[in-house]
Amino acid sequence: MGDIDLVVRGGYIATIDGPPESPLGTIEDGLVAVEGGRIAWVGPASEAPPEVSDPGVETFDLQGGWVTPGLIDAHTHLVFGGDRVDEFEQRLSGASYEEIARAGGGILSTVRATRAAEDETLLTAAEGRLRTLAAHGCTSVEIKSGYGLSVEDELRLLRLAGELEGRV
């Protein structure tokens, strides 16, 4: 281990490596040492190597909180136009999906809005959604198409999804 940049301590570490009856795998009073943006050491603070105690190393106190592996969203339709917030309210009021669809809502309203939106509008909205996911702990996202419903429009959505990689 070389020069440690950051030490995170004072909380719990979820290793996701526990026994079947408790698969979370918890290190109490855990410590994570970071070197060059990568995890260099993880374990109980009482077993930490001496270099993590260097007074010049930036330290973050979890104050009893948790460090967990990053979340993975393996199925998200991130590139789409419009929104269906009003439909959510209608559903809460008792309307069925079929009633909403007959009134012009449902997936077809999203398809229409997606097809009508400019590429940059779709990218900007998807980038915002992606940033929100990242801010809440999501480190990996698999983006699906699905709101084009034609080969041409689905390929467009996949192309736009690919463009997000360099933007966030």
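Some observations on this one:
- Scope segment 18-63; condition outside any strand (DSSP E or B) and either touching a His at 6+ places or on another chain (Cβ under 6 Å) or open to solvent by less than 40 Å² (accessible area, probe 1.4 Å) (or both); matching residues: 18, 25, 45, 48, 49, 52, 57, 62
- Close contacts from segment 87-104, counting a first residue that is of a type in the set (Ser, Thr, Tyr) and a second that is open to solvent by 100 Å² or more (accessible area, probe 1.4 Å), with Cβ to Cβ under 9 Å and a gap of 6+ residues or different chains, come to 97/91.
- Looking across segment 132-155 at every residue that is open to solvent by 40 Å² or more (accessible area, probe 1.4 Å), assigned to a helix (DSSP H, G or I) and touching a residue at least 24 places away in the same chain (Cβ under 8 Å), the one that is farthest from residue 110 (Cα to Cα) is identified as 134.
- Unmet requirement for residue 75, which otherwise passes all of (1) in contact (Cβ under 8 Å) with a residue 60 or more places away in the chain; (2) open to solvent by 50 Å² or more (accessible area, probe 1.4 Å); (3) under 30 Å from residue 11 (Cβ atoms): (3)
- Of the residues making up segment 78-131, those that are surrounded by 12 or more Cβ atoms within 10 Å (Cβ to Cβ), part of a loop (DSSP other than H, G, I, E, B) and either among the small types (Gly, Ala, Ser) or at positive phi (or both) are 81, 82, 95, 103, 105, 106, 117.
Listed here are the residues, each with its yes/no results for (1) within 30 Å of residue 1 (Cα to Cα); (2) touching a Pro at 6+ places or on another chain (Cβ under 9 Å); (3) at pLDDT below 95.
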position: 52; (1), (2), (3): yes, no, yes
position: 58; (1), (2), (3): yes, no, yes
position: 62; (1), (2), (3): yes, no, no
position: 68; (1), (2), (3): yes, no, yes
position: 71; (1), (2), (3): yes, no, yes
position: 106; (1), (2), (3): no, no, yes
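The values are calculated or read from the model by the stated rules, or taken from the named source; none is laboratory data. All values reported here derive from a predicted model rather than from experimental measurement. Cβ coordinates were reconstructed from backbone atoms using ideal geometry, including for glycine residues, and neighbour counts include every protein chain displayed. Accessible surface is based on the protein model in full, side chains and every heavy atom, while ligands, DNA and RNA are left aside. Shrake-Rupley method; radii C 1.70, N 1.55, O 1.52, S 1.80 Å.
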